[in-house]
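Data block below; observations after.
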Amino acid sequence: MGQWKDELQSLLFWRAVAAECLGSFMLIFFCCASGTHWPDTSPTVVQLSLTAGLNVATIIWCIHGVSGAHINPALTLPLFLTRKVSFVRALLYMFAHFVGAVVAVGTLKAITPIEFRGTLALNRLHPGVSPIGGCVLEAMMTFVLVFTVFATIDRKRTDLVALKGSGPLAIGLSAAMVHLAGIKYTGCSLNPARTFAPALFQGEWDDSHWVYWVGPMLGGAVAGLVYENIFAARAPIIESELEDEEDAFKKRRPMALNPHETEACM
């Protein structure tokens, strides 16, 4: 309880919540804007995918140092489940994501001529794709995205030193990749707020709307738990084995030289 109170009384905490709201606004506005239909310029899969990937990379670069740049409830949930963020932070981040998304789509609707709005880029299953199939695909795509995020923020990975600064790019590329693969199936939401906001303004709540909540949240949660417990640099499943190897190495290596002797040798 004390930690919650400390966070709620911290200006830095509320600045982080505001950053998440702004990040969600940017993410949803530009992704949905790229999906509007203008004369002779219907959006292509490549256009939508590049917009999503570059958008994600840009936002992460801008606000990661302020809030961690979750910008998606499907990422905040696994970060909470793996104890990287507190319950109150996770709750308010998710609320900020939905507020940012609703304001973004409302802004897009207000500035786009009515004849070109279309469905405001509302995610829908392609004819022939079942809700279960769509849910599985959304879960798989979100798994890839969240797994990439966890691999990027793993501070115990020694190989990340050489990759410093490329984290936003890696995450953006993963977002672009799953969009290229999944847009024709589900519209590639990856984010409940991404589907909720256009549905709210369109007043469309069909029988497959649940797909865009269950799929991303489930895929994200599984990705975070799997990475943290199996594939992380010091995952519990290999921690004891790594410690045994380190102990064995210490026993095998020769006794260290006296510091003065080392200097003399050099």
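What you get for the chain, charging only the Cβ of Lys and Arg (+1) and of Asp and Glu (-1), is a dipole of about 360 debye around the Cα centre.
Rg/Rh, computed from the Cα trace of the stretch 2-265 with Rh as the Kirkwood radius, has the value 1.09. Between Gly182, Val17, Ala221, the Cα set farthest toward the positive side of the dipole of the chain (charges on each charged residue's Cβ, about the Cα centre) is that of Val17.
Rg/Rh for the stretch 57-161 (Cα atoms only, Rh after Kirkwood) is 1.03. In terms of packing, defined here as the mean over residues of other Cβ atoms within 10 angstrom, the peptides 179-189, 212-222 line up highest first as 212-222, 179-189. Span-like helix check, the chain: qualifying full DSSP H segments, with Cα axial length of 20 Å or more and mean Kyte-Doolittle of -0.5 or more, are 11-33, 45-67, 87-111, 131-152, 167-186, 211-226.
For the chain, what is the mean residue ellipticity at 222 nm derived from helices alone (per DSSP H run of n ≥ 4: -39500 (n - 2.57); sum divided by total residues; nearest 500 deg cm²/dmol)? Don't jump to the answer; show the numbers that get you there.
On the way: 11 runs with 180 residues, N = 266.
So the calculated ellipticity at 222 nm is -22500 deg cm²/dmol.
In the Gaussian network model of the chain, springs joining C-alpha atoms below 10 Å, which of Val149, Val45, Val105 carries the largest mean-square fluctuation? Result for the chain, Cα springs under 10 Å: Val45 fluctuates most. Working from label points 7 Å from Cα in the Cα-to-Cβ sense, the Asp207 to Ser10 distance is 4.7 nm. Listed from fewest to most Cβ neighbours within 10 Å, the set Leu108, Leu11 follows the order Leu11, Leu108.
What list do you get for Ile171, Ile28, Ile132 if you sort them by fewest beta carbons within 10 Å? Let's see the in-between values first.
Working: Ile171 26, Ile28 30, Ile132 11.
Lowest count first: Ile132, Ile171, Ile28.
What residue among Thr148, Thr82, Thr51 shows peak mean-square fluctuation when the chain is described by a Gaussian network model with Cα springs under 10 Å? Checking each option, the largest mean-square fluctuation is seen for Thr82.
The smallest convex shape that holds all Cα atoms of the stretch 32-90, its convex hull, gives 98 Å³ per residue.
For the peptides 94-103, 71-80, residues were scored by their other Cβ atoms within 10 Å and the scores averaged per peptide; the highest-first order is 71-80, 94-103.
Percent relative contact order of the chain, based on C-alpha pairs within less than 8 angstrom and at least six residues apart?
Values: 369 pairs, mean separation 69.9, N = 266.
26 percent.
Quick note: the coordinates plus some simple rules give every number you see, no bench work behind them. Given the structure is predicted, the values throughout are model-derived calculations rather than measurements. Cβ: placed from backbone, ideal geometry, glycine included. Neighbour counts: every protein chain shown.
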